[in-house]
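Student: Okay, here's the structure, questions in a sec.
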Amino acid sequence: MMEICLYFSLRNISSFHILWISGAILFLILVFLIYRQNVQRRQLKKELVEIESMMQSNVEYEFVLKAMHLATWHVDPKMRTITFDNDYREDTGNFIPEAGTNIDDWVLQLFPNDRSRVGKSLDEICLGETEVFYQQYQVKSVIPGKSYWEESYATVGERDADGNPLKIVGASMRIDNRKDMENALIQARNKAEESDRLKTAFLANMGHEIRTPLNAIVGFADLLPVVQSEEDRNQLIQEIQNNNQKLLQIIDGLVRMSEIEAGASSLALNAVDLNPLLMELQERYQVGTEVPIILHLPQSEMLIHSDMEKLKGIMEHFLLNAIKFTSSGSITLGYDVEENHVRLWVSDTGKGIAKEDQERIFERFVKIDEYVPGTGLGLPVVKSHVQQLGGTVGVESEPGKGSRFWALLPIS
């Protein structure tokens, strides 16, 4: 009986233990599942944060590329290929090679003067001889006959275990505006240097031009008291008057140019008849001039609304130039009517002007022939007067055959 009770007691205890152990196991399993779920949730959250951060980084990266108008690319140094990844250059006609294009083929798209330099620089960074690639070069545009300037930077992005480049990463941008500005600055500098040189030559020439008539005036004036012959005295007086006129012309040119530079040259517009104006100039300058001065007046009256003094100054300078450079043949002074404009001109049969000098002859201080007297201010003054009157000025000439200076002015 006791054995039976002990059996049932042990049996009950074993069942209780088994039930407790089973519950504990179930509890542990539940705790593990909850812990695993929390770990997975944290891992997922971390991955989502990383993805969001990466997306944000890519957005910022793309924004920077767009703002800088850059094209990004990479080079495989082993395969010697180049691939463009992004292109945010805003200008048109950009050349983008196909992915995996050979470097040598890409370099052929550059201007011949740049190919050797750029190709050598790329080879050096691909071989690990340099850390940075930086070049400016001209590229043939995809638009026929067009080209553009580009600036590129690159550096080593990845290396192998031995330190050799595995990937070169780079960026390029258009610099056409910068190059245009650089060229404009270079031209401005060259022009300033040339102007400075011409001004120095002008000042040296000016001293000579002023001294020549002044010496004649002083010299002839000193001779007047000792000359007895009336004829000789009259000749000396005539020479003094001629040199006075030359000196006045030089000073007048300087004064007019100074007024123009200071912006003090004003207009006095009135009705002007060209016929008597040209007749007066022809009569005044024919005296003492061996070459005949011919008038070309196609109308009995030619009224224009302009400034009398400036018109006279324009034609006077044209006429004086023609007299200075014409030793034989003739000089013609006249005008032609062209719709709402009148073309005033002076033609001569003088030595003429070379093609390359015909544009610069209207610039300040320029003298084409240093051996011919003159200040180099007459034609610049003419150009300024013509522009003030709303017209244009020019010259047609052929060496050995003569010149034709003209000013096209509005009639009203």
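Student: Kindly provide the GluC sites (Glu not before Pro) of the range 308-370 that DSSP labels as loop, not H, G, I, E or B, and whose Cβ sees at most 14 other Cβ atoms within 10 Å. List each step's numbers first, then the result.
Tutor: Numbers: sites: GLU309, GLU316, GLU338, GLU339, GLU356, GLU359, GLU363, GLU370; in loops: GLU339, GLU359, GLU363, GLU370.
Qualifying residues, ordered by number: GLU339, GLU359, GLU370.
Student: With a Förster radius of 22 Å, plug the Cβ-Cβ distance of LEU166 and TYR88 into 1/(1 + (r/R0)^6) and report the FRET value to the nearest 0.05.
Tutor: Numbers: r = 26 Å, r/R0 = 1.17.
The computed FRET efficiency comes out at 0.30.
Student: Still on this structure, please answer the following. Over the range 97-152, average the accessible area per residue using a 1.4 Å probe and give it in Å², no decimals.
Tutor: Values: 3020 Å² over 56 residues.
Ligands and nucleic acids excluded, the figure is 54 Å² per residue.
Student: Long-range amide H contacts for ILE294: which residues qualify at under 5 Å (H placed 1.01 Å from N, peptide plane, sequence gap of 5 or more or a different chain)?
Tutor: Under 5 Å from the amide H of ILE294: ILE331, THR332, LEU333.
Student: Here's something else I'd like to know. Kindly flag which residue pairs out of LYS246/LYS355; LYS246/LYS324; LYS312/LYS401; LYS191/LYS383; LYS246/LYS351; LYS199/LYS383 have an alpha-carbon separation exceeding 24 Å in this structure. Mind dumping the intermediate values first?
Tutor: Working: LYS246/LYS355 29 Å; LYS246/LYS324 12 Å; LYS312/LYS401 26 Å; LYS191/LYS383 19 Å; LYS246/LYS351 22 Å; LYS199/LYS383 18 Å.
Beyond 24 Å: LYS246/LYS355; LYS312/LYS401.
Student: Can you compute the modelled spin-label distance between LEU185 and ARG284, with each label point 7 Å from Cα toward Cβ, in nm?
Tutor: Taking the two extended label points, one gets 4.9 nm.
Student: Net charge near GLU158, counting Lys/Arg +1 and Asp/Glu -1 over other residues with Cβ under 11 Å of its Cβ? Write down the numbers at each step before the final one.
Tutor: Values: positive: ARG159, LYS167; negative: ASP76, ASP160.
With Lys, Arg at +1 and Asp, Glu at -1, the net is 0.
Student: Which FRET efficiency value, to the nearest 0.05, is calculated for SER328 and LYS355 with the Förster distance at 22 angstrom and r the Cβ-Cβ distance?
Tutor: Numbers: r = 23 Å, r/R0 = 1.05.
Working from the Cβ atoms, E equals 0.45.
The values are calculated or read from the model by the stated rules, or taken from the named source; none is laboratory data. Model, not experiment: these values are computed from the prediction. Cβ atoms come from the backbone with ideal geometry, glycine included; neighbour counts cover every protein chain shown. Remember, those area values only see protein heavy atoms, side chains included, never the ligands or the DNA or RNA. Shrake-Rupley method; radii C 1.70, N 1.55, O 1.52, S 1.80 Å.
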